[in-house]
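Structure first, commentary second.
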Amino acid sequence: MLVPRFQKNLNLGSKPGMDKSGKIVYADTAISRWFAVGLDGRETEGPPPVLLQRVPVEMIERINVETPLALVRSSHLNEGQRTRDSSDKPWTYLIEKILPDLICSSKFMRGQMEAEGWNSKEVKPKLVARVGKILFIPRRPSIWEEDLNKDSINEATLKQLNRTFYAFIPASSMKGIVDEVVPKIGVKFEDLKDVYYVKLQLNQVRHMVHDISCIEKKSDLRLMLFTKRSLISLHDDEEESIKALIASAILDPTSKGGLRWPFGKASSPGDRYRVIDAWHTVSRVYVSPSMRLKVQDSNYFKTSVRETTGEITLGLKGIASELLEKKLEINLVSDMLESILKLLWEHFLHFEAVHNGNTAAMDIPMFS
């Protein structure tokens with residue numbers, strides 16, 4: 001029976017440093033984990049409780065060729081096989097998994113800020129929760145072809161799959177969250193932002209990432225602690241170079257991110273700065289004293305083909321502020337985190353994270 005061992009936190013495909021594209025940066029002390037909630041480790045008779053299911057996602061398939069897979073609860077389970085943590089306050093189980101890493105990561109983060117002499121204006125710590133789907137992709141096609149012929153897939157096979165968090169959700173789910181969830185959770189509309197982004201440099205640095213497969217739900221969850229450094233001390237020549245680079249952009253709805261640059265103008269004089277990404281977003285922002293909900297429609301370009309996507313991000317500003325305190329109140333952080341996880345579980349995760357028509361019929365047993 002694999003389920004009890006599967007309860008361990010696994011590091012699958014996420015390592016400190018920077019990915020091949022140079023866009024995702026982890027602190028040297030970063031903690032990155034994945035686990036599933038909806039399994040209690042008890043042996044059951046009959047069909048396996050969890051399956052890997054094909055979830056065709058065009059954006060990912062264009063890059064990786066292979067069709068990604070997601071963990072889902074078997075539709076063959078009867079009510080008596082419903083799991084303990086999926087029916088009895090699963091957020092308390094999540095607290096046990098997340099809180100120690102969150103406290104540890106925040107201490108390392110504060111230490112780094114103090115060592116570098118950064119203040120909260122220069123470096124902004126953020127804790128966010130994102131709704132999406134955790135997908136698994138074979139590192140080599142041959143690995144997956146061999147395992148398709150097996151009755152079940154074990155933990156060793158799972159470790160041979162790359163993991164990605166797919167945060168782009170269908171428009172129907174975006175509308176459902178705005179129409180159904182926003183009125184219930186105590187946030188008020190603050191702003192509508194129509195923004196063109198041009199990415200030059202200075203990435204966010206991740207200090208903790210927890211990816212959580214929520215077996216009983218339609219969506220999964222990512223909780224992430226990171227710092228974002230602002231450019232606040234530019235020399236005059238640097239500022240002028242950036243202004244000139246932005247000013248040379250031309251609005252073009254057929255181009256990447258809705259912007260294009262004349263030939264040879266996508267970098268500043270001397271190639272000190274160059275455009276590495278561009279995208280256009282329209283965001284609705286809702287706020288409360290403890291959180292900031294951003295519902296964002298994006299025209300984003302990961303490949304040469306245009307993508308229109310939606311993203312849901314819940315900024316946990318109350319917890320982030322508390323994590324900066326020198327005398328950290330762990331019980332207070334725990335209570336605040338439990339409240340947020342309960343809210344996410346009850347209101348956000350029952351919306352589809354991929355298009356309804358994207359799920360293939362073939363299920364692959366995960367556990368036996």
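Looking across region 49-65 at every residue that is at pLDDT below 80 and crowded, with 20+ Cβ neighbours inside 10 Å, the one that is nearest to the chain's Cα centre (by Cα) is identified as L52.
Within region 185-199, take every residue that is within 24 Å of L343 (Cα to Cα) and of a type outside the set (A, V, I, L, M) and give me the one that is modelled with the lowest pLDDT. The selected residue is D191. Could you tell me whether L337 is buried (at least 18 other Cβ atoms within 10 Å of the Cβ) and at pLDDT 95 or above? Yes; evaluated as a whole, the condition is true for this residue.
Among the residues of region 223-235, write down those that are of a type outside the set (S, T, Y) and modelled with pLDDT under 80. So that I can check it myself, show each step before the final result.
At the first step, the residues of region 223-235 found to be of a type outside the set (S, T, Y) are 223-226, 228-229, 231-232, 234-235.
R229, L231, I232, L234, H235, listed by residue number.
When each of E216, E238 is tested for being touching a Lys or Arg at 6+ places or on another chain (Cβ under 8 Å), part of a helix (DSSP H, G or I) and either surrounded by fewer than 19 Cβ atoms within 10 Å (Cβ to Cβ) or at pLDDT 90 or above (or both), the lone residue that passes is E238.
Against the definition (of a type in the set (G, A, S), modelled with pLDDT under 75 and buried (at least 17 other Cβ atoms within 10 Å of the Cβ)), how does S152 come out, yes or no? In short, no.
Kindly check whether there is at least one residue in region 297-309 that is over 24 Å from the mean Cα position of the chain (by Cα), loosely packed, with under 15 Cβ neighbours inside 10 Å, at pLDDT below 75 and not hydrophobic (A, V, I, L, M, F, W, C). If you could, list the steps in order and put the result at the bottom.
Initial filter on region 297-309 (over 24 Å from the mean Cα position of the chain (by Cα)): none.
Scanning region 297-309 turns up no residue that is over 24 Å from the mean Cα position of the chain (by Cα), loosely packed, with under 15 Cβ neighbours inside 10 Å, at pLDDT below 75 and not hydrophobic (A, V, I, L, M, F, W, C).
Selection of region 241-268 for residues being modelled with pLDDT under 75 and not in a loop (DSSP other than H, G, I, E, B) yields K256, G257, G258, S267. Figure legend. Inter-residue proximity from region 220-244: first residues over 30 Å from G264 (Cα atoms), second residues among the basic types (K, R) and modelled with pLDDT of 80 or more, beta-carbon distance below 6 Å, spacing 6+ or different chains. Indicated pairs: D220/K133; R222/R130; F226/K126; F226/R206.
The values are calculated or read from the model by the stated rules, or taken from the named source; none is laboratory data. Remember, predicted model here, so these are calculated numbers, not experimental data. Cβ: placed from backbone, ideal geometry, glycine included. Neighbour counts: every protein chain shown.
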